[in-house]
Amino acid sequence: MTPDLLTLRVDFRDETAAARITPEQANAYLAAREWRRGDLAPWHQWTREQYEVMVPMHATYADYGRRMCEALNGLAHVEGRSVLAVFVDIVAAATGH
């Protein structure tokens, strides 16, 4: 039996893949899920209940991929879903697929 990749609970560490998500894509995903945004340069600071997700304001930061991995892992935890499912939803919403 092959596990459903979208349900696997893993720690997502692929910084190159995470860096493909733009700040605008991440912000749109969070806004659509009723997170509240407050900017705290150099971050877009998103909160919901007792949770916080930080999205870098610019994809040009040297550690952008690592920071997006942290955001993806945090979102997966809060949503109770796999990080791959969150990644796919963000990318799919941005591309319309």
Once both label points are put 7 Å beyond Cα along the C-beta direction, the Arg33-Gln50 separation in nm becomes 1.9
Determine, for each peptide in 33-39, 81-87, the mean count of other beta carbons within 10 angstrom over its residues, then list the peptides with the highest first. 81-87, 33-39
For the chain, what is the mean residue ellipticity at 222 nm derived from helices alone (per DSSP H run of n ≥ 4: -39500 (n - 2.57); sum divided by total residues; nearest 500 deg cm²/dmol)? -13500 deg cm²/dmol
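Could you grab the relative contact order for the chain? Cα pairs under 8 Å, six or more apart, rounded to a whole percent.
That works out to 36 percent.
Read the figures in this text as sums done on the coordinates, not as results from a lab. Only a predicted model underlies this, so the values are computations on that prediction, with no experimental measurement involved. Glycine gets a Cβ as well: all are built from the backbone with ideal geometry, and neighbour counts include every protein chain shown.
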